[in-house]
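Peer 1: For reference, the structure I am asking about is given below.
Read-outs throughout are calculated quantities, based only on the coordinates presented, and are distinct from any laboratory measurement. Not measured: the values here are computed from a predicted model. So basically every Cβ, Gly included, is an ideal-geometry build from the backbone, and we count neighbours across all protein chains shown.
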Amino acid sequence: DKGGWSSFMAKEVSEEPEAVANTLRGRIRDGAVAIPELEGLDDLFRDISRVIVVACGTAAYAGMVAKYAVEQWARVPVDVELAHEFRYRDPVIGPDTLVVSISQSGETMDTLMAVKYARERGAKTLSICNTQGATIPRESDAIVYTHAGPEVAVASTKAFVAQITALYLLALHIGQVRGAIAPDEVAAQIEEFEAVPGKIRRILETEQERIEQFAYWMADTRSVLFLGRHVGYPIALEGALKLKELAYIHAEGFAAGELKHGPIALIEPGQPVFVLVPSPRHSALLHAKVVSNIEEIRARGARVIAVAEEGDAAVLPKADEVLRIPLAGPLFEPLLSVVPLHIFAMGLSTAKGLDVDQPRNLAKSVTVE
Ligand code: BG6
């Protein structure tokens, strides 16, 4: 039931705030992270020396975002691998490896096979999954469910923000168990977390119509590029994936620093480029670098659409359009900046008269390898 919305995707994007709130619920106690499903597993988290995330598609991008949080808060090294590449390269894994799988459906065959392979090699496995009782969680040593609610549209949206939420909770949990993060630092992150649903709601209220209008004007666009740095990089990849899936156009995401090593050759007059601008409050250096990337591509005629925090005045004169997100802690920006990109992809697909919920050639859950 679309509940009055024009598509399941429109409904599911509108549910992104609840996806975060519901995934947090019941997992925070007295200013600390307490995940009931992980009770009794402290030894497991104490004994690991590395984490490998395996997933496909959008879920893999959630894993790339989470790498920053697990390394920062839990001080455990993280690799993120596409599940279908993992078992074909004789990976170095053993009992000190925690393999974290991420899957909305819990049935993606590529991810399931990676989990089974990891178990056979003696690694510990933890599943981040949105579907109670699905195959992948059943095959895993531990489970942290995302509570995004059923996701019907093929392109994943609310599950993505729920996955990042669950992974961040897991990062804080591991950090607490290992004593890698101070209690007041945990409390500060929890405070950030609790503000996220309201901030996403604000983006939906203030920017959605504008972005849709803007997508409508861009209906003839044949290629869109996305640039991001740090946690903005996986969001650039996610923005591009959504456009491929939904609008059937060429779209590519790049790490902004990579621009000068190749992709800048793609810039010709009129090329639309989305740029995820990190907050200047967190790192003036990172911000300045991205602003200078904007100058470089603009000088070559790119049409720049910046996603920047409210009040970032430096971006305004440099970009053709600025989509605003509320202020958030450095690791929390992706939960906000992805929302305009989801709206844009949905808007462009709609503007082209395509089926937003059932894009051609794709299936919601791919149960073949
Ligand atoms: C794809 C879906 O084929 O599978 C994507 O079209 C999704 O939207 C990917 O991100 C992974 O699916 P799951 O269920 O394992 O998260």
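Peer 1: Tell me which lysines have Cα within less than 27 Å of LYS352's Cα, excluding those fewer than 8 residues away on the same chain?
Peer 2: Counting by Cα, and skipping residues close in sequence, LYS352 has these lysines nearby: LYS2, LYS11, LYS158, LYS242, LYS244, LYS364.
Peer 1: What residues have an amide H closer than 5 Å to that of GLY106, excluding those fewer than 5 places away on the same chain, when H is modeled at 1.01 Å from N in the peptide plane?
Peer 2: ASN130
Peer 1: Let me ask something additional. If you place +1 on the Cβ of every Lys and Arg and -1 on the Cβ of every Asp and Glu, how big does the dipole about the Cα centre of the chain come out, in debye to the nearest 20?
Peer 2: Working: 37 positive and 49 negative charges, 103 e Å.
Dipole magnitude for the chain comes out near 500 debye.
Peer 1: Also: Long-range amide H contacts for VAL99: which residues qualify at under 5 Å (H placed 1.01 Å from N, peptide plane, sequence gap of 5 or more or a different chain)?
Peer 2: Correct list: ILE52, LYS124, THR125, LEU126.
Peer 1: Give the span of region 88-194's Cα atoms along each principal axis, as three whole-Å numbers ordered largest to smallest.
Peer 2: For region 88-194, the Cα extents along the three principal axes come out at 41, 37, 23 Å.
Peer 1: Divide, for region 227-276, the radius of gyration over alpha carbons by 2.2 N^0.38 Å, where N is the residue count.
Peer 2: Working: Rg = 10.7 Å, N = 50, 2.2 N^0.38 = 9.7 Å.
That works out to 1.10 for region 227-276.
Peer 1: To check you understand DSSP bridge types, tell me what percent of the beta bridges within the chain (both residues inside) are antiparallel, rounded to 5.
Peer 2: Details: 2 of 41 bridges.
Percent antiparallel among DSSP bridges in the chain is about 5.
Peer 1: Short version: ³J(HN,Hα) in whole Hz for each residue of region 322-337, in order, from phi by Karplus 6.51 cos²θ - 1.76 cosθ + 1.60 (θ = phi - 60°), x for Gly and Pro, what are they?
Peer 2: 10, 9, 9, 10, x, 5, 8, x, x, 7, 9, 4, x, 5, 9, 5
Peer 1: Among ALA265, PHE254, ALA74, pick out the residue whose Cα is farthest towards the positive end of the charge dipole of the chain, where Lys and Arg carry +1 and Asp and Glu carry -1 on C-beta, about the Cα centre.
Peer 2: Among ALA265, PHE254, ALA74, the one farthest towards the positive end of the dipole of the chain is ALA265.
Peer 1: For the residues LYS318, LYS242, LYS2, what sequence is obtained by ranking on other C-beta atoms within 10 Å, fewest first? Display every interim value, and only then the final one.
Peer 2: Numbers: LYS318 17, LYS242 27, LYS2 14.
Exposure proxy ranking, most exposed first: LYS2, LYS318, LYS242.
Peer 1: To continue, here is another question. Relative to the first principal axis of the alpha-carbon coordinates of the chain, what is the inclination of helix 232-247, with its axis defined by its Cα atoms, in degrees from 0 to 90 and to the nearest 10?
Peer 2: Helix 232-247 sits at roughly 70 degrees to that axis.
Peer 1: Quick check on the exposure proxy: order ASP1, ASP141, ASP47 from fewest to most C-beta atoms within 10 angstrom.
Peer 2: In increasing order of surrounding Cβ atoms, one gets ASP1, ASP47, ASP141.
Peer 1: Considering only the other residues whose Cβ falls under 11 Å of the Cβ of MET109, what net charge follows from Lys and Arg at +1 and Asp and Glu at -1? Mind showing how you got there, number by number?
Peer 2: On the way: positive: LYS116; negative: GLU107, ASP110, GLU369.
Every neighbour counted, the sum reads -2.
Peer 1: For the residue pair ALA299 and ARG50, what label-to-label distance in nm results when each label sits 7 Å from Cα along the Cα-to-beta-carbon direction?
Peer 2: Simple spin-label model gives 4.0 nm for this pair.
Peer 1: Using the Karplus equation 6.51 cos²θ - 1.76 cosθ + 1.60 (θ = phi - 60°), what ³J(HN,Hα) coupling, rounded to whole Hz, does each residue of region 213-223 give in order, writing x for Gly and Pro?
Peer 2: After applying 6.51 cos²θ - 1.76 cosθ + 1.60, I find 4, 5, 5, 4, 5, 9, 4, 8, 4, 10, 7 Hz.
Peer 1: To continue, here is another question. Could you give the dipole magnitude of region 71-158 about its Cα centre, charging the beta-carbon of Lys and Arg +1 and that of Asp and Glu -1, in debye to the nearest 20?
Peer 2: Details: 9 positive and 12 negative charges, 33 e Å.
Taking the Cα centre of region 71-158 as origin, the dipole is about 160 debye.
Peer 1: Between region 322-348 and region 91-106, what is the C-alpha centre distance in whole Å?
Peer 2: So the two Cα centres are separated by 28 Å.
Peer 1: Another question, if that's okay. What residues have an amide H closer than 5 Å to that of ILE143, excluding those fewer than 5 places away on the same chain, when H is modeled at 1.01 Å from N in the peptide plane?
Peer 2: Hits under the 5 Å cutoff: SER127.
Peer 1: I need LYS11, LYS364 ordered by Cβ neighbour count within 10 Å, fewest first. Could you put the intermediate results ahead of the total?
Peer 2: On the way: LYS11 21, LYS364 16.
Starting with the residue having the fewest Cβ neighbours, the order is LYS364, LYS11.
Peer 1: From the backbone phi of region 50-59, what are the Karplus-calculated ³J(HN,Hα) couplings (6.51 cos²θ - 1.76 cosθ + 1.60, θ = phi - 60°) in whole Hz, Gly and Pro given as x?
Peer 2: 7, 10, 10, 9, 10, 5, 10, x, 4, 4
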